[in-house]
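The values are calculated or read from the model by the stated rules, or taken from the named source; none is laboratory data. Given the structure is predicted, the values throughout are model-derived calculations rather than measurements. We place every Cβ from the backbone using ideal geometry, glycine too, and count neighbours over all the protein chains shown.
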Amino acid sequence: MRTKIKICGITSPEETKYLPPEEVDFMGMILFCPKSKRNISLTEAAAIMKAVPEKIRKTAVTVSPSMEQVEAIEKAGFDYIQIHGTLNPRIFEGIHIPVIRAVNMKEGAPDMEEGGRVAAWLFDAAQPGSGKSFDWNRLSALPRKGRKWILAGGLTAANVGEAIHKVHPDMVDVSSGVEYEDRKGKDPEKIAAFIRAVRQADGQQAQLRVCECMVALSNEP
């Protein structure tokens, strides 16, 4: 299985040049979140979307959005909306683009009550955007039931392979893990390294499945 890749927290058209469309499937921009250092305006988002390769799905990332904010995001032409925080059922029913529902892995079992109307569930650290991961073993207790899973929170080129082997997510999401350490913005070398690590893990997973099939065949009477 090919693990999809989402690069989040894009803040300028320049950064879109670091996203090869044959490898990166989704990109994210943070809107209506003034507390985030990656927050941008709808005007800035429009300029970024013009520079993004058409093949890459464009995701608006927000927290507890109002109906007015959802409508502005849809009008701007985003393909998906990723929602953290709380979500009013009335607003949820009125969304017309696919929803990625974020779950912050705090203490206790996560709330996944929106169920079938969610295109994918994204599992993030207790404090999103912090660059910290969480105990991936906690996800083993959750019923998957054919749901699409996205893994986020503290992923880097150094640990994404382990994350893929443990969680088997449909997509991995990275932001701080591919940023410069001494200044603002995405680091193209870190993005390239992250992509290589994901593909290496995919190759190892495929090889493991082949080996398992060969063992199974050898045990047949």
When the residues of segment 68-86 are filtered to those that are more than 16 Å from LEU42 (Cβ to Cβ) and surrounded by fewer than 18 Cβ atoms within 10 Å (Cβ to Cβ), which remaining residue is farthest from the chain's Cα centre (by Cα)? THR86
For segment 139-165 the number of residues that are part of a helix (DSSP H, G or I) and surrounded by fewer than 15 Cβ atoms within 10 Å (Cβ to Cβ) is 4
Mind listing whichever residues of segment 172-197 are hydrophobic (A, V, I, L, M, F, W, C) and in contact with a helix residue (DSSP H, G or I) (Cβ under 9 Å, 6 or more places away or on another chain)? VAL172, VAL174, VAL178, ILE191, ALA192, ALA193, PHE194, ALA197
Conditions first: (1) surrounded by 13 or more Cβ atoms within 10 Å (Cβ to Cβ); (2) at pLDDT 95 or above; (3) under 19 Å from VAL172 (Cβ atoms); (4) not polar (S, T, N, Q). LYS55 passes all but one, so which condition is the exception? (1)
With criteria (1) among the small types (Gly, Ala, Ser); (2) within 20 Å of LYS35 (Cα to Cα); (3) at pLDDT 90 or above, SER130 comes up short on (3)
Listed by first then second residue, the pairs whose first member lies in segment 18-32 and is hydroxyl-bearing (Ser, Thr, Tyr), whose partner is buried (at least 18 other Cβ atoms within 10 Å of the Cβ), with beta carbons under 6 Å and at least 6 positions apart or on separate chains, are TYR18/LYS186; TYR18/ILE191
Would you be able to say whether some residue in segment 26-42 is touching a helix residue (DSSP H, G or I) at 6+ places or on another chain (Cβ under 8 Å), more than 20 Å from PRO188 (Cβ to Cβ) and outside any strand (DSSP E or B)? yes
All conditions in (1) in a loop (DSSP other than H, G, I, E, B); (2) at pLDDT 95 or above are true of LYS75 except (1)
Give segment 87-117 a look and list any residue that's at pLDDT 90 or above, within 18 Å of the chain's Cα centre (by Cα) and among the aliphatic types (A, V, I, L, M), or say none. ILE97, VAL99, ILE100, ALA102
Single residue of LYS37, LYS6 found to be in contact (Cβ under 8 Å) with a residue 24 or more places away in the chain, of a type outside the set (Asp, Glu) and closer than 16 Å to ALA152 by Cα: LYS6
